[in-house]
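Every number in this text was worked out from the coordinates using simple rules, so none of it is lab data. Everything quoted here is computed from the prediction, not taken from an experiment. Glycine also receives a Cβ, built like all others from the backbone with ideal geometry; neighbour counts cover every protein chain displayed.
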Amino acid sequence: MNDLLQDQGGEAAGPVECLGHIFTSDSARREHFLKLLAEKLQDPAFRQQEGFPQGADAAILAMSDPPYYTACPNPFLEDFVRHYGKPYDPSVKYSREPQTIDVSVGKTDPLYKAHSYHTKVPHLAIVPSILHYTEPGDIVLDGFGGSGMTGVAAQWCGSAPAAYRHELETQWKKQGKAAPNWGSRRAILNDLSPAATFIAANYNLPFDVEAFVKAGKQLLKEVEQELGWMYDTTHTDGKTNGRIEYTVWSEVFTCPHCAGEVNFLEEALDDASKRVKDTFPCPHCGAHLNKDNLERVLEARVDPASGEAWKRVKFRPALISYVAGGTRREKQPDQGDLAVLAKIEALPLPSNLPTVRFPIEQMYHGSRIAPKGFSNIHHFFLPRAAQAMALLWRKAKDQPDFRIREMLLFFVEQAIWGLSVLNRYQPIQQGKPGGSQVNRQLTGVYYVGSQHAECSPQYNLGLKLDRLWKAFRDYKTASGYAAINTGTAAGIPLPSSSIDYVFTDPPFGENIFYADLNFLVESWHRVTTDAKPEAIIDKFKKKALLDYQHLMQRCFAEYCRVLKPGRWMTVVFSNSKAAVWNAIQVALQQAGFVVAEVTALDKIQGSYRQVTSTTAVKQDLVISAYKPNGGLEDRFNQHGPTVDSAWDFVQTHLKQLPAVKVTSGYPQELLNIVERDPRRIYDRMASWFIRHGTMVPISTPEFLAELPIRFRGTDGMVFLPEQLVEYEKARARIPQVAQAELFVSDERSAIDWLTNFLLKRPSTRSEIHPEYIPQIGSAKRKGEIIPELDALLEDNFLQYDGDSDVPNQIANYLSKNFHDCRGLEKSDPVMKSRAKDRWYVPDPNKAQDLEKKREKTLLKEFETYKAFTGRKIKESRLEVLRAGFRAAWSIKDYATILSVAHKLPDETLQEDEKLLLWYDQALTRTEAGA
Ligand SMILES: C[S@@+](CC[C@H](N)C(=O)[O-])C[C@H]1O[C@@H](n2cnc3c(N)ncnc32)[C@H](O)[C@@H]1O
């Protein structure tokens, strides 16, 4: 009902349908659900939920537009999914290969730029994934939704322009993929922060774009009428009227030699070049000054909110940028300007200006702002900016139409940072003088610089409305296509197995402190984040790496619960620390997901690189993981950790992996699929058992020996029979196979590198040595002992002694590459002499013998770690630790895992996904048993 009207972006005037009820109008719908929400807010149990934001009922209700959006946990979410979703039906066939994305596309799109957030993944980067994994009407979830770009992407699939569709379909066709089914998907968006969900709601719920822009223009006009006098100035000719765009305030310091006051901008800024001089003379005593030897002045003031004594860094107006006679000009403030500023300062503080104190002691950036005198919200606004921001907010709040009101707040809240003292004066931009001073705050931190550009509301917001109009005019949203929840991703009020796809971009470690940063905007809404469940590493909130890992694990477990079996999740990872990367890997696997692909975008080659080394995480990574299908889990529950269940896992896992991957460049190359590597498959299988808390029912050597008997293999990869047919078809078309990049960072990767090398070219030690040595470079882990080349060869490979027949591996290589060996028998003396002393990769049976022998040696060395009594084992062999932990796990000897782990430096454990997984499980089991 009334879908047409809503699809045009407006609010329906007539009857509307919502969750199966018919309402006479959209306002009636809202009124009905607001009443229900108000009742719910009275329930103490509802309010006591983890992640419930802090704010009075009225403030939460004022932000909310139920059932679609609530600025608290959404009690209607379950109904939404039951009403609009498709229940999980195991008989419905679903099969997709992992798909990667390029997170850098779409950063200039006007819709993406319509509202900023501390970090954003552009909707255009997400659209291809949604099209790939879902069908129109399916439900996509993002539990760390931030500004709601996943929802925008989901709905945008329904209004993608023809040119975009054509381009994507052509690209997919080249990759051998069928065209997607276009059409809007539904989105469930969640975030801990009300500031984020408010942006997400406004991006995703329909509104009348034209009416909003009109109301926005009216709002700016009224603000101008009321406060215009504050921005009037007189041109230096003494008669022409001018209009202030921004006033530059400079911090005042004292000279360390004569204690005279130094206005930083007046003395240090070169007027012509607009650059800060390296040194400049003191205006009083002439001493050489620079930024570092100036002394900060804290000015005694009276806090206008509390009436108490307050000390703040001293700012003076130093420069005015204004327009007079149609020309932009600059001048120093004159007596008239100073008189206006004095008049404004004498005005009472606007009643709606927030005055709350920041939780300074728990804030990472608290020590940057409090010592300068900025501890409460109102401290961040100079008197004129305080009047302007408060009036903008009040005017937006006064708007009678609900959706237009919310959109006006969405519009004016974007000026909060830019009108505050956080807005730095940046006279040089991109190496040149000039440029806009709008929203020039340092991103991701609270930092008050020593030069502040205090902008007029018109200057900050004047051009924004047209941009918003352009951004929203062609984007169609509809009621019933998005539902937004404010709370922790560790507990989203959704039914189990109800979601078709998860796309998510969680916080990564200690990069950005969202709850702290959102406090400034949230205090205007009077609803702030409950920072306790925030997934973050922050020493001020007493959250270490392991706490972060466990928080993430709970969130991923929730994703796993609500996702339908066999369905996919895409996780975008952007942090360069191996420890955080491993925490995420372990959290994912512990939560029940199986990782099927990890890729990074190679910007130079324009293709995706599969990630093999966990220490070399330098770029944004994309993890594709799936929830194992119900059948596998059921069989496991019935039969337990048997050898058969291990093969059952492999069978199911292989099905989820792509059969063919092709580079996008020309000429095309087939990519080696890292996840099809036998050892990688073993690791995935082992993690799955470990996460179920059971022993791994088959050892690595047995597994590796039996794998080629049970499955099909080629080019070092394992396939299901039908996948091999597909791969071979592609191989016939594209003979070139690009090898995955291998970094030698530890013993295991050194062995892998040698295996790759010797598979291609069985060689003597003197041939291997010069090629191998340069590989052990910067990627080597700290504290890791990599055995010498000879020991590696001895323990893992075979050397031909020249007596028996030449083994196949060497004979094939020689007859292909040496003229004199072409067509020779393996017993031929020429062949034998060419083959002598060459190292080669053993066949599976021999490899099993070698591997068993090696395992014994590793375990013997592990005994020395067990017996070690010093403080820390500074240098260790990862392979020894892995073998030792594996063996201890298999006999439930958790104490050994924990005691050796405690002797290792933190990084050794944190930077290895496998050790971390065993350690974490051993800890859980020990605590559970304690
Ligand atoms: C990287 S941002 C997501 C940005 C988003 N992709 C966008 O385009 O706007 C991560 C978000 O996770 C949120 N967050 C942190 N801990 C959370 C938790 N436990 N539950 C839900 N959200 C959380 C933060 O508030 C932040 O908005």
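Residue ranges 447-460, 631-644 sort as 447-460, 631-644 when ordered by packing (mean number of other C-beta atoms within 10 Å per residue, highest first). Considering only alpha-carbon pairs that sit under 8 angstrom and 6 or more positions apart, the relative contact order computed for the stretch 235-337 is 33 percent. Projecting the Cα atoms of ALA732, GLN99, GLN430 onto the dipole axis of the chain, where Lys and Arg carry +1 and Asp and Glu carry -1 at the beta carbon, places GLN430 farthest toward the positive end.
Restricting the trypsin sites (Lys or Arg not before Pro) of the stretch 234-290 to loop positions (DSSP other than H, G, I, E, B) with no more than 16 neighbouring Cβ atoms within 10 Å leaves LYS239, LYS274, ARG275, LYS277. Per residue, the chain reaches -12500 deg cm²/dmol at 222 nm when only DSSP H runs of four or more residues are counted, each adding -39500 (n - 2.57).
If the chain linking ALA287 and ARG329 were pulled fully straight, counting 0.36 nm for each residue of separation and taking away their Cα-Cα distance, it would gain 11.9 nm. Loop-located GluC sites (Glu not before Pro) across the stretch 291-398 with a Cβ neighbour count of 15 or fewer within 10 Å are GLU308, with loop assigned by DSSP. Normalising the average separation of contacting C-alpha pairs (under 8 angstrom, six or more residues apart) by the number of residues puts the relative contact order of the stretch 296-440 at 15 percent.
Taken over the alpha carbons of the stretch 813-909 as equal point scatterers, the Debye sum produces base-10 log I(q)/I(0) values at 0.15, 0.17 Å⁻¹ of -0.69, -0.78.
Dividing the mean sequence gap of close Cα pairs (under 8 Å, 6+ apart) by how many residues the stretch 795-840 holds gives a relative contact order of 53 percent.
Entry note: the stretch 107-177 has Rg to Rh equal to 0.98, where both radii use alpha-carbon atoms and Rh is the Kirkwood radius. Each residue, LYS217 and ASP237, gets one label point 7 Å from its Cα in the Cβ direction; the gap between the two is 3.1 nm. Remark: for residue pairs LYS729/LYS852; LYS274/LYS395; LYS661/LYS760; LYS221/LYS331; LYS343/LYS395; LYS564/LYS661, the C-alpha separation exceeds 29 Å in LYS729/LYS852; LYS274/LYS395. Taking 0.692 mPa s as the viscosity and 37 °C as the temperature, the Stokes-Einstein diffusion coefficient of the stretch 666-714 based on its alpha-carbon Kirkwood radius rounds to 265 µm²/s. Beta bridges from DSSP with both residues in the chain: antiparallel share about 80 percent, rounded to the nearest 5. Each residue, HIS166 and GLN426, gets one label point 7 Å from its Cα in the Cβ direction; the gap between the two is 3.8 nm. By the equivalent-ellipsoid construction on the alpha carbon gyration tensor, the chain comes out with semi-axes of 57, 35, 27 Å, ordered largest to smallest. List residues of the stretch 821-844, by number, whose backbone nitrogen lies under 18 Å from a label position 7 Å along Cα→C-beta of ASP790. Counting backbone N atoms under 18 Å from the label point, the list is 837-840. Legend: calculated FRET efficiency, LYS760 to LYS174, from the Cβ-Cβ distance at R0 = 25 Å, rounded to 0.05, equals 0.30. Sorting the segments 547-553, 49-55, 797-803 by their mean number of nearby beta carbons within 10 angstrom, highest to lowest, gives 547-553, 49-55, 797-803.
Put simply, when 183-189, 333-339, 747-753 are sorted by average Cβ atoms within 10 angstrom per residue, most first, you get 183-189, 747-753, 333-339.
Rounded to a whole number, what is D in µm²/s for the stretch 313-421 from Stokes-Einstein with the Kirkwood radius over alpha-carbon pairs (20 °C, 1.002 mPa s)?
132 µm²/s
Net charge of the neighbourhood of MET363, taken over other residues with C-beta under 10 Å away and scored Lys/Arg +1, Asp/Glu -1, is -1.
For the stretch 140-265, the alpha carbon convex hull comes to 313 Å³ per residue, rounded to a whole number. Tell me, how many Å apart are the Cα centres for the stretch 796-858 and for the stretch 438-482? When both Cα centres are located, 67 Å separates them.
Ordered by the number of other Cβ atoms lying within 10 Å of each residue's own Cβ, fewest first, CYS72, CYS157 fall into the sequence CYS157, CYS72. By the Cβ rule of 4.7 Å, the chain holds the following cysteines without a possible disulfide partner: CYS18, CYS72, CYS157, CYS455, CYS555, CYS560, CYS821.
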